[in-house]
Amino acid sequence: MSIMSKLFCRDDIGIDLGAANMRVWISGEGLVLEEPSAVALDITHEEVKEQGQQESKDSGKPREHRVLAIGAAAGDMLGKTPGSIVVIQPMKGGVICDYDITKKLLRYCFSHEKVKKARKGGFRRPRVVFAVPSGITEVEKRALEDAAQSAGAGDVFLIEAPMSAAIGAGLPVSEPEGCMLMDIGASETEMVVISLAGIVHSNVLRVGGNEMNSAIMTYLRDKYSLVIGEREAEDIKIKIGTACRPEKELEYEIKGIDATEGRKLVVKIDSKEIREEALAGLLGQLEDTLRGFITRIEPELAADLVENGIVLTGGGALLRGLGKYIAAATGLPVRVANDPAHATIEGCGVVIGELEYLSKAKRR
Ligand SMILES: Nc1ncnc2c1ncn2[C@@H]1O[C@H](COP(=O)(O)OP(=O)(O)OP(=O)(O)O)[C@@H](O)[C@H]1O
Ligand SMILES: [Mg+2]
């Protein structure tokens, strides 16, 4: 690439910073990075804040806990840390709980080898399309934009994550007809009705994959006095979690520790009890919220939904039989997106690739 073309070359980057996973898309390349959105801190050591971070007025040398790991390496530490280490996941329930940590994650994304390699190496700061939870405030949007710019972004465009997921799932979002999407992420479930490239109705339920894991942990502790970690609960959910009765119930053997006797305990569980005992309450909550949401939709749009149905995205949509469950609950046609966990970042990819969509993303 010549110096001149390098000067004018411009990379566009899409970022989906979720409660559990962060994903980075580079124009012309596709998905280049996917790691847990986590930062591990050593809380026994403080050091002077990195350059470029805002300095507090009352102290000349602001200090912060030492960063031990970011991304995949921090995710590996989840649930295994001694008291001196905390692993922070700064996006929770559609809210950015910690801006300094978010900045670190963004900087990590920008400086990651895979991202640098995928970028064409233009000298200009990349434009960034950021998928954000639909409920965030103007102040939070501004803070996120600042965080992205201090991490190396040029112009920042924000797009509501469910809109991005709908685009990624191939919904006809620009048409004058209602389409409905439900994104089941790690910390929340967002349901939206979209028409003419805008979100007409939205609702957020603070229930997602994390709560399903907690429900499995609570059930096993209460029923078998068996204590397991979040990873094991996640494994159980992925291997035998169901929302509807499968053709053949699935089984799982858990080796853990008896909470009262402190002895090794081996328990065989099956998908029926996980569905009917552990997850039933959360699935019921999801169903009730969804039905309440649908009742608030105007008749014209509701008529479209009867035709078009509901599309499910987010990693939680991978729970076996969830589409069937939602279809039975609502009587509407339901489709799980082809690659539900990646719909949001794929939508960012479409947006950065299409000026038509870019103009619809909110320019900050
Ligand atoms: N096969 C599966 N069955 C059930 N749940 C799954 C499966 N695979 C992944 N998940 C769940 O999907 C969730 C992650 O989904 P996703 O990556 O869409 O979340 P996120 O975007 O990080 O979170 P949020 O959208 O809430 O900010 C996790 O809770 C994970 O346990
Ligand atoms: Mg998400």
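The values are calculated or read from the model by the stated rules, or taken from the named source; none is laboratory data. Computed from a predicted structure; not experimentally measured. Backbone-built Cβ (ideal geometry, glycine too); neighbour counts: all protein chains shown. Areas reflect the complete protein model, heavy atoms only, side chains present, ligands, DNA and RNA absent. Shrake-Rupley method; radii C 1.70, N 1.55, O 1.52, S 1.80 Å.
Structure summary
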item: Search result, residues across region 64-112 that are of a type in the set (S, T, N, Q) and either within 15 Å of Pro36 (Cβ to Cβ) or part of a strand (DSSP E or B) (or both); result: Thr81, Gln89, Thr102
item: Residue selected from region 177-228 under the condition within 24 Å of Ala38 (Cβ to Cβ) and away from ligand 1 (no atom under 14 Å from the Cβ), by the criterion surrounded by the fewest Cβ atoms within 10 Å (Cβ to Cβ); result: Thr218
item: Any hit, region 75-87, residues being modelled with pLDDT of 90 or more, open to solvent by 20 Å² or more (accessible area, probe 1.4 Å), among the aliphatic types (A, V, I, L, M) and within 16 Å of ligand 2 (Cβ to nearest atom); result: no
item: Filtered residue count, region 126-144, keeping only those that are within 16 Å of Val24 (Cα to Cα) and open to solvent by 10 Å² or more (accessible area, probe 1.4 Å); result: 1
item: Filter result (open to solvent by 60 Å² or more (accessible area, probe 1.4 Å), at pLDDT 95 or above and farther than 23 Å from Ala329 by Cβ) within region 229-247; result: Glu234, Lys239
item: Filter pass, Glu160 being within 13 Å of ligand 1 (Cβ to nearest atom), open to solvent by 30 Å² or more (accessible area, probe 1.4 Å) and not assigned by TED's automatic domain parsing to the domain that holds Gly315; result: yes
item: Residue in region 249-261 that is in contact with a Pro (Cβ under 9 Å, 6 or more places away or on another chain) and open to solvent by less than 90 Å² (accessible area, probe 1.4 Å) present; result: no
item: Residue list for region 292-332, restricted to those being among the small types (Gly, Ala, Ser) and within 16 Å of ligand 1 (Cβ to nearest atom); result: Gly314, Gly315, Gly316, Ala317, Gly321, Gly323
item: Count of residues meeting criterion [basic (Lys, Arg) and crowded, with 17+ Cβ neighbours inside 10 Å] in region 293-334; result: 1
item: Of all residues in region 11-37 being of a type in the set (Gly, Ala, Ser) and not in a loop (DSSP other than H, G, I, E, B), the one that is surrounded by the fewest Cβ atoms within 10 Å (Cβ to Cβ); result: Gly30
item: Residue list for region 133-144, restricted to those being touching a residue at least 60 places away in the same chain (Cβ under 8 Å) and either of a type in the set (Gly, Ala, Ser) or within 24 Å of Ile184 (Cα to Cα) (or both); result: Pro133, Ser134, Gly135, Lys141
item: Some residue of region 275-291 being within 16 Å of ligand 1 (Cβ to nearest atom), among the basic types (Lys, Arg) and assigned by TED's automatic domain parsing to the domain that holds Ile216; result: yes
item: Qualifying residue in region 85-92 (condition: under 21 Å from Gly347 (Cβ atoms) and more than 16 Å from ligand 1 (Cβ to nearest atom)); result: no
item: Residue list for region 262-292, restricted to those being farther than 19 Å from Glu234 by Cβ, crowded, with 16+ Cβ neighbours inside 10 Å and not charged (D, E, K, R); result: Leu265, Thr289, Leu290
item: Within region 223-256, considering residues that are within 10 Å of Ala278 (Cβ to Cβ) and of a type outside the set (Gly, Ala, Ser), the one farthest from the chain's Cα centre (by Cα); result: Lys223
item: Some residue of region 223-233 being of a type in the set (Ser, Thr, Tyr) and in a helix (DSSP H, G or I); result: yes
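Rundown of residues vs (1) farther than 23 Å from Ser187 by Cβ; (2) out of contact with any strand residue (DSSP E or B) (no Cβ under 6 Å at 6 or more places or on another chain), yes/no style:
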| site | (1), (2) |
| --- | --- |
| Asp76 | no, yes |
| Gly79 | no, yes |
| Ser84 | yes, no |
| Val87 | no, no |
| Met91 | no, no |
| Cys97 | no, yes |
| Tyr108 | no, no |
| Lys114 | yes, no |
| Lys120 | yes, yes |
